[in-house]
Structures are given as C-alpha cells and as structure tokens.
C-alpha cells in the first residue's frame, strides 16, 4: 500500500487485514511486549494544518512504537506565516528526509495532492469534510473487539453527517465489513445524496430499538452547520434514549465531544460507552496502517 488517502482504496480483505493487525498490536501493547520495529530509523512527518488531539498524538506514538523518528510541523511557528505556500512547505519537509507524510488539512483532497506532489506514502489524517480513514478503521477495530466482528451490526450515525469526514469514511468501511448503516439527523445536516443501501431518517427515537451502535457526531459549526433550536431535544443521547436501546447496544463518538449537545455526560461516561475504547484503539490501529505503508518504502 503506497498511500491511504481514501477508504475507497481499501478492499474487504485490506480492511480485515488491518483490523486484525490492529487487534494484534493492541494485545502486544496491553501485555507490554515490543512490537516489530518495522519503521526503525525511518522518518514520519506529521503535517497538521488543523487542530487535533487524539489523531496527532496517537499517530506520533504509533510511529515511535514502530521505531520511527517523528517530525511534527506546527503551522503557527512554520514558514507558512511568512507566505510560504503549502506545496513548498510539503516539498521542504520531504526534502529534509521525511519518508511518510501524515497530512491533516481543512481542504478536501489535499492529502491526495500531497502524494502526487511528493511521490512518498501519505496518510490522510482528515481532509475538510472529505474523509478520516484511520478513524473508521479504529472504530471497526473497537467494534470487532467488543462484538467479535462488524458483520451484521446495525449502526446509526447521528448528527452532522453533511459536514463530517468521519461519516465519509464510515459509510464505506462499515458496509464493506458487512454492517448496515443508517444516517440520522435533521434534514439540514443530512447529506444531499446518500450511497445506495444507506437509509436516512430524522426520527432518532423511532429507530433506537433496532440499533446495535449509536455513533454520535459533533455539530461542526466551523464548517457552516446550521442547527435547529430543538436539536438537543430531538437528537441528544441521554438517559431516556439509552433506556430505549438493546441491552447490549453501545454508544460511540469520534471526539471531541460537546457534552450536553450530542451526548449527556451520564451516557458518555456510562456502561454503554465505547468512547475511551475508541481512543485506546487509535494507537494500535495507526500502527497497523503505518506498518502497511512501510512495505512500500525501499
């Protein structure tokens, strides 16, 4: 694998291989064993032109666990403030010696462009409202760890789907692994068109009892999302709605959470929540992806 800029690049076998590898790495890390250092003395550069906590830190740690040297570019202290173009910044980082680039950018399609400019392996860490491939992969690993497999699960994605890059990846990864996905939210936050096989509804309560997974998304005001005044009343996951779910059903959220808006604290911190499990699976999943990219290095 020479890049991961879109989940459309991944076959069902690819997904199973990376999820299985992620769970293997998770076991190694939990037992304190040292993973194979497949990136020993290689250089991974994080180029993040958007804010990030979970993704940036977990990728840094994942690369270091595999033996890499990690460079992290901070835009607020880079030459971009002096007028340097993004392309020149990327080419400079590559010329310094970066062999794998991890790119987060507010514009859709930028990670793919970076790969075309540089020819080096690129991992998309989020491109505008486009995709976030490793988030969907770590979600799949989290669900496989909880349920044994993703196949057969009914997943309701709730909230600001129109502006969500997480949804852009989930909608490919989960059906490929055999799950059914439904989009749930106000009409203003649902996509203008949906892929074949994806149902939509603006009535969360009517479908809760049928869902195995309620996947909550943040309303992305920074991307122009318009929220109805009764959003919390209709879509917030609270104690009452949690009581309507199957006994074994779970809650997920990619973070950062807006507590009290899309999820109440008693649910986010309650027994149904897999939110911290998602965070824990971030490092081993990104290790699995970086290990795949490492195979393309000469």
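The values are calculated or read from the model by the stated rules, or taken from the named source; none is laboratory data. All of these numbers come straight from a predicted model, not from anything done at the bench. So basically every Cβ, Gly included, is an ideal-geometry build from the backbone, and we count neighbours across all protein chains shown.
Scoring residue 218 on the criteria (1) under 23 Å from residue 269 (Cβ atoms); (2) at pLDDT below 95; (3) buried (at least 22 other Cβ atoms within 10 Å of the Cβ) leaves a single failure, condition (3).
Specify the residue that is nearest to residue 166 (Cα to Cα); the eligible residues are those in region 75-99 that are loosely packed, with under 14 Cβ neighbours inside 10 Å and in contact (Cβ under 8 Å) with a residue 24 or more places away in the chain. Step by step, filter region 75-99, then rank; the result is 87. The residues of region 53-84 that are in a loop (DSSP other than H, G, I, E, B) and either within 23 Å of residue 33 (Cα to Cα) or touching a helix residue (DSSP H, G or I) at 6+ places or on another chain (Cβ under 9 Å) (or both), listed by number, are 66, 67, 68, 78, 84. Scanning region 100-133 for residues that are within 21 Å of residue 60 (Cβ to Cβ) and out of contact with any helix residue (DSSP H, G or I) (no Cβ under 9 Å at 6 or more places or on another chain) returns 111, 115. Against the condition crowded, with 19+ Cβ neighbours inside 10 Å and within 16 Å of residue 39 (Cα to Cα), how does residue 103 come out, does it pass? Spelling it out, it is not the case that residue 103 is crowded, with 19+ Cβ neighbours inside 10 Å and within 16 Å of residue 39 (Cα to Cα). May I ask you to verify whether residue 13 is within 26 Å of residue 167 (Cβ to Cβ), in a helix (DSSP H, G or I) and modelled with pLDDT of 95 or more? Against the criterion (within 26 Å of residue 167 (Cβ to Cβ), in a helix (DSSP H, G or I) and modelled with pLDDT of 95 or more), residue 13 qualifies. Within region 10-50, the only residue that satisfies the criterion of being surrounded by fewer than 16 Cβ atoms within 10 Å (Cβ to Cβ) and either touching a strand residue (DSSP E or B) at 6+ places or on another chain (Cβ under 9 Å) or not assigned by TED's automatic domain parsing to the domain that holds residue 91 (or both) is 41.
Candidates 153, 170, 177: the one that is in the same structural domain as residue 263 (by TED's automatic domain parsing) and within 11 Å of the chain's Cα centre (by Cα) is 170. Scanning region 51-68 for residues that are surrounded by fewer than 23 Cβ atoms within 10 Å (Cβ to Cβ), touching a strand residue (DSSP E or B) at 6+ places or on another chain (Cβ under 7 Å) and under 23 Å from residue 79 (Cβ atoms) yields 52, 56, 60. Restricting 104, 162 to those that are over 28 Å from residue 20 (Cα atoms) and not in a helix (DSSP H, G or I) reduces the list to 162.
Which of the residues spanning region 131-151 are touching a strand residue (DSSP E or B) at 6+ places or on another chain (Cβ under 8 Å) and in a loop (DSSP other than H, G, I, E, B)? 131, 132 - these are the residues of region 131-151 that are touching a strand residue (DSSP E or B) at 6+ places or on another chain (Cβ under 8 Å) and in a loop (DSSP other than H, G, I, E, B). Among the residues here, residue 51 qualifies as without any contact (Cβ under 8 Å) to a residue 12 or more places away in the chain and closer than 26 Å to residue 256 by Cβ.
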